[in-house]
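Values in this text are rule-based calculations from the coordinates and carry no lab data. Remember, it's a predicted structure, so these values are computed and weren't measured experimentally. Because the Cβ atoms are built from the backbone with ideal geometry, glycine has one as well, and the counts that use them run over all protein chains shown.
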Amino acid sequence: MLLTDSSESSIKSFLKNLSPVDQVGADSRAAMLATRSIKTSSKLWAIETAIAMIDLTTLEGADTPGKVAALCTKAVRPDPSDSSVPHVGAVCVYNDMVKIAREHLDNNGGKEIPVAAVSTAFPSGRASLDVKKRDTEDAIASGATEIDMVIDRGAFLSGNLEKVFTEIVCIKEICGERAHLKVILETGELVTYDNVRKASFLAMAAGADFIKTSTGKVTPAATAPVVLVMLEAVRDYFAMTGKRIGVKPAGGIRTTKDAIKQLVLVNETAGPDWLDPKLFRIGASALLNDLLMQRMKMKSGQYSGRNYVTLD
Amino acid sequence: MKFEYAPAPESTAIVNIQSEYNLFIDGKFVPSKGGKRFETINPANEKVLSRVTQATASDVDKAVKAASEAYRKTWSKLTGAQRGKYLFRIARILQERAREFAVLESMDNGKPIRETRDTDIPLAAAHFFYHAGWADKLDYAGLGKNPKPHGVVGQIIPWNFPMLMLAWKVAPALATGNTVVLKPAETTPLTALLFAEVCQQADLPKGVVNILTGDGATGAAIVNHPGINKIAFTGSTEVGKIIAKSVASSKKALTLELGGKGANIIFEDAPIDETVEGIINGIYFNQGHVCCAGSRLLVQENIKEELLEKLKRRMSMIRVGDPLDKNTDLGAINSQAQLMKIRELSESGDAEGAERWSPQCELPEKGFWFPPTFFTGVSQAHRIAREEIFGPVLSVISFRTPSEAIEKANNTPFGLSAGIWTDKGSRILWSAQQLKAGVIWANTFNKFDPASPFGGYKESGWGREGGRHGLSAYLKGDFS
């Protein structure tokens with residue numbers, strides 16, 4: 001209903017009609033929201049909500065079955081000393097680790113935790129569409145129910161929007177009902193907020209279930225203004241179509257403070273409806289331990305230390 | 001799920017408010033000769049904060065004599081660098097005591113702590129730093145060779161930004177070598193009295209800054225005192241006119257920073273989300289108690305509905321309540337009198353056929369409160385389009401073409417501020433050339449910097465404050 005067809009001219013005219021983003025204004029709005037003071041009961045609520053929104057991630061060349069298994073154990077029960085801590089939103093790994101992660105989760109009480117696979121020649125996206133399709137097919141066959149694909153930033157920046165659009169459509173087709181599609185914009189390479197807004201709409205119109213900031217391999221990643229612009233995009237897309245698309249900031253969110261700022265952005269931009277792991281995820285690894293430490297502090301009144309949270 | 005923000009009140013333990021205050025004359029707090037005391041209250045809960053002194057004509061005389069003697073004997077004998085030293089010292093003390101000032105300002109004025117903490121007090125310190133730098137460079141300010149101070153200046157400041165307006169007045173006056181008799185507003189005297197302590201702490205020579213609390217009668221005594229060489233006033237156009245008349249028959253120099261009815265012009269290609277933020281900032285910042293507020297929203301008719309939908313959504317997220325809560329966006333109206341004025345003008349809007357809208361918001365029972373409000377269906381002839389409301393009330397007017405926008409924007413007796421929202425650079429420049437306003441913001445609103453001159457056209461006042469232009473108001477030379 002947003003696009004008459006997927007031709008280059010139709011996509012371009014659709015994106016051209018989007019309202020521009022003023023960088024200074026977006027930066028200052030994000031900075032203002034970062035001053036919100038979240039204390040006591042609301043802080044505890046935010047910490048637990050953030051834990052349930054984490055896509056607990058390991059995306060290293062050095063990943064091994066042992067490392068992934070340990071991550072899955074942590075995903076199911078983030079704080080071994082406290083079973084009231086919720087499990088995380090998902091586990092996010094490379095394709096070849098999907099099966100290991102799935103099995104380990106299933107065997108350890110984490111059946112309801114989805115496995116997300118980074119796909120389509122992650123992180124650069126520099127491969128043929130055919131390879132990207134097979135990459136995705138492979139991930140789903142291995143048990144991934146969430147696909148984090150990357151867009152072709154080169155195509156986007158050179159104005160070849162049809163290519164970006166078509167690739168998303170193709171991957172979405174493969175996902176079908178089997179997997180949720182998260183589309184990674186790699187905003188650090190798109191640079192301008194106008195580009196972020198355009199790429200967000202392009203991805204949503206092409207069928208993304210989630211739009212995601214970054215691969216985590218490029219800086220800057222999930223900066224507050226970029227997340228703000230993406231949250232505005234999903235809010236506006238909902239007003240146009242009645243369809244809620246999720247947002248996933250990833251990369252650079254390491255502390256409880258960072259995570260709470262993200263939740264404030266969600267609350268005061270897209271609105272409370274998005275404060276749900278179905279519509280907001282945080283791609284992170286180190287963040288979880290900081291959330292756990294802060295939670296322990298709130299419960300006990302004392303800071304523990306790094307050795308009181310598990311390493312994985 | 002709902003994300004409730006738990007109360008996050010700033011502690012008031014840092015401020016030490018005395019039960020009574022005397023006048024600050026010749027470096028000391030001294031009792032008045034016959035002046036009564038009056039209460040200053042916290043407008044958010046109507047509790048009495050302290051009792052301050054109503055300075056009499058004889059107190060004014062004493063303060064002017066102290067300022068005059070300080071000018072002759074000490075301040076005019078110092079080099080610019082030596083004056084600068086004191087200004088730098090004051091600036092640093094303001095930064096060190098920023099939290100104390102921010103809390104006190106919020107309590108006495110009713111404005112949110114977020115604003116006093118992030119805007120009022122940092123900017124006040126910045127004005128002292130900026131002018132400290134000028135003190136020894138006045139020969140190079142482009143104001144002629146060796147420009148001279150006026151001597152004793154009388155300064156009368158308003159209640160909307162008490163400490164910031166004090167800084168706008170005192171910093172350039174001292175940097176240029178004048179001495180000061182300053183009267184803070186009747187409803188917000190406390191930060192000026194705390195500033196008097198800062199002057200003592202900075203070892204500022206006695207009599208260089210004198211602070212007299214009081215009402216309009218005290219102000220009139222300052223304006224009419226023959227020992228004063230220059231008057232600087234910020235406040236209503238009504239009082240500004242009276243001062244202009246009083247000063248007309250004397251040799252006193254005069255600068256006036258008066259009211260406004262700023263137009264915030266939204267063109268169809270504006271960056272819409274940032275524009276909505278700019279509208280909010282333009283009219284709901286500081287409860288709309290801002291002389292340069294963007295109180296008239298001129299929106300291109302073809303985007304009006306979309307813009308108002310977004311504005312409504314955003315306004316429903318404004319957090320109204322306890323000014324000391326760090327998450328409060330809109331605080332208390334400064335006084336009962338101001339609340340009555342806002343109500344009266346808003347009711348005139350209803351009566352004249354405009355349509356009022358406010359989000360659902362619970363207002364505290366005690367204190368003076370008014371919800372964020374806008375009116376649609378406003379025409380140029382309505383009182384709410386012409387008169388300064390000085391509250392969180394926006395009048396929405398539509399236009400069809402750029403020229404119509406400019407005509408409507410300029411169709412006011414005021415000329416203080418304007419905002420232009422468009423993605424086209426050429427349209428920003430074209431509009432700015434046509435608008436008769438002292439300050440024009442493009443794709444932003446209510447941004448202040450000590451280096452940028454501020455002031456009005458027409459009934460919004462004479463002279464500029466801030467920047468190199470602001471210095472000239474406190475100097476005599478070839479340029480004047």
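Brief remarks on what is shown
- Measure of compaction for region B:341-473 (Cα Rg per 2.2 N^0.38 Å): 1.20
- Average partner coverage of A:260-273, which counts Cβ from other chains inside 10 Å: 2
- Highest to lowest packing among B:102-112, B:282-292, A:300-310, A:211-221, scored as the average C-beta count within 10 Å: B:102-112, B:282-292, A:211-221, A:300-310
- Distance from region B:220-264 to region B:412-480 (C-alpha centre basis), Å: 19 Å
- Computed E for B:Lys2/B:Ser246 - FRET, C-beta separation, R0 56 angstrom, nearest 0.05: 0.45
- Averaging 1/r over each pair of different alpha-carbon atoms in chain B and inverting the result gives 22.8 Å, the Kirkwood hydrodynamic radius.
- Shielding by partners for peptide B:277-284, expressed as the average number of C-beta atoms from other protein chains within 10 Å of each residue's C-beta, is 2.
- Relative contact order computed over chain A (Cα-Cα under 8 Å; 6+ residues apart), in percent: 19 percent
- Listed by chain and number, the lysines placed with their C-alpha closer than 19 angstrom to that of B:Lys77 are B:Lys65, B:Lys85, B:Lys137, B:Lys145, B:Lys148, B:Lys206, B:Lys476; residues fewer than eight positions away on the same chain are left out.
- Peptide-level mean, for B:307-316, of C-beta atoms on other protein chains within 10 Å: 1
- Sites B:Asp350 and A:Thr255, calculated FRET efficiency, Cβ-Cβ separation with R0 45 Å, nearest 0.05: 0.35
- Per residue of the protein assembly as shown, the DSSP helices (runs of n ≥ 4 H) give a summed -39500 (n - 2.57) that works out to -13000 deg cm²/dmol at 222 nm.
- When peptides A:139-146, B:15-22 are sorted by average Cβ neighbour count within 10 Å, with the highest value leading, the order is A:139-146, B:15-22.
- Net dipole in debye of chain A [+1 Lys, Arg Cβ; -1 Asp, Glu Cβ; about Cα centre; nearest 20]: 800 debye
- Normalised by the number of residues in chain B, the average gap of Cα pairs under 8 Å and 6 or more apart makes the relative contact order 18 percent.
- Tail fraction, Cα-Cα pairs, region A:72-176, threshold 17 Å, whole percent: 55 percent
- Estimated FRET transfer efficiency (A:Glu173, A:Thr241; beta-carbon r; R0 22 Å; 0.05): 0.70
- Size descriptor for the protein assembly as shown, Kirkwood hydrodynamic radius: 28.9 Å (Cα pairs only, one decimal).
- Net charge, B:Asn45 excluded, C-beta distance under 10 Å - Lys, Arg +1, Asp, Glu -1: -1
- For peptides A:166-174, B:428-436, B:158-166, sequence by mean Cβ density within 10 Å, most packed first: B:158-166, A:166-174, B:428-436
- Rel. contact order, % - alpha carbon contacts under 8 angstrom, at least six apart, region B:3-104: 27 percent
- Paramagnetic reach from A:Lys39 (point 7 Å along Cα→Cβ, amide N under 14 Å) across region B:105-139: B:113-114
- Cα convex hull volume per residue for region B:283-426 (Å³): 127 Å³
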